[in-house]
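Visitor: Dumping the structure here so I can ask a few things about it.
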Amino acid sequence: MPTFDDRITHYSRARLGGLPVPDDLRALLWAHWEGRSDLSDLLHITLLEPDEVHPLLDDSYVREDERDTPSTKAVFAAAREVSRHLHVVARGGKGWIGYWTHPGEPRGRPAPIVEIDTESTFWRMSGRTLAEACAADVAYYTDDPPGEFARLADRLAELGVALSTRDYDALHEPELEVDPDELFDMVNDAEFERLTAR
């Protein structure tokens, strides 16, 4: 039977492109693999299994007669390119949540947490970690975001996942040097033009 470290290594390869698994995600995975849902329930997320298809690469909804059109091929070329840099690890919020690791982003800082909705629109999330971003998202939709975020931070700390702050108004707001929406549109437009050139 694989050890926890074996499973983490496999998860890193399958979902993070071989990047190290952040501490908060490690704790979430440990709870998940033990059959505990306390952490994921608190954050309103469902962790993806290593072999689940990346949402940008899921073509199950495409009709057969659409697959060979230039527009469909261009969209999937763009989706493939963006998916190389967006490592999705959870379902939640508007759709799916993951780490944006484009090489154009500065080194030496945590990968920004990005959400992608069911229409393939990308959203930058507040916070330095997955747990922090998800807690901020949960708190945002309540009547008292600062109070709810502090409560979630305290509860997460009790469960072994420390956030960098319990102050909602002090949450880190990451800037993206390479915007995933803009990258998607650029690749999509260039591929469509290439496929339709006479």
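Visitor: I need every pair where a residue in the stretch 17-28 that is within 16 Å of Gly160 (Cα to Cα) has its Cβ under 6 Å from the Cβ of a residue that is in a helix (DSSP H, G or I) and among the acidic types (Asp, Glu), sequence separation at least 6 or different chains.
Guide: none
Visitor: I've got another one for you. Tally time: how many residues in the stretch 106-146 are assigned to a loop (DSSP other than H, G, I, E, B) and open to solvent by 20 Å² or more (accessible area, probe 1.4 Å)? Full working, then the answer.
Guide: Residues of the stretch 106-146 that are assigned to a loop (DSSP other than H, G, I, E, B), as a first pass: 106-112, 118-121, 125-129, 141-144.
Next, only the ones that are open to solvent by 20 Å² or more (accessible area, probe 1.4 Å) stay: 106-111, 118-121, 126, 128-129, 141-144.
Qualifying residue count for the region: 17.
Visitor: Which residues, taken from the stretch 63-88, are part of a loop (DSSP other than H, G, I, E, B) and open to solvent by less than 60 Å² (accessible area, probe 1.4 Å)? Break it down into steps so the answer makes sense when it comes.
Guide: The initial filter retains those residues of the stretch 63-88 that are part of a loop (DSSP other than H, G, I, E, B), namely 63, 67-69, 84-85.
Within the stretch 63-88, Thr69, His85 meet the criteria.
Visitor: Please enumerate the residues belonging to the stretch 89-105 that are part of a strand (DSSP E or B) and crowded, with 21+ Cβ neighbours inside 10 Å. Please lay out each step first, then the result.
Guide: Step one: of the stretch 89-105, the residues part of a strand (DSSP E or B) are 89-92, 95-100.
Matches in the stretch 89-105: Val89, Ala90, Trp96, Ile97, Gly98, Tyr99, Trp100.
Visitor: A follow-up question, please. Can you give me the number of residues within the stretch 161-198 that are in contact with an Asp or Glu (Cβ under 7 Å, 6 or more places away or on another chain) and open to solvent by 60 Å² or more (accessible area, probe 1.4 Å)?
Guide: 3
The values are calculated or read from the model by the stated rules, or taken from the named source; none is laboratory data. Given the structure is predicted, the values throughout are model-derived calculations rather than measurements. Every residue, glycine among them, receives a Cβ derived from its backbone with ideal geometry; neighbour counts consider all protein chains shown. Accessible surface areas use protein heavy atoms only, side chains included; no ligands, DNA or RNA. Shrake-Rupley method; radii C 1.70, N 1.55, O 1.52, S 1.80 Å.
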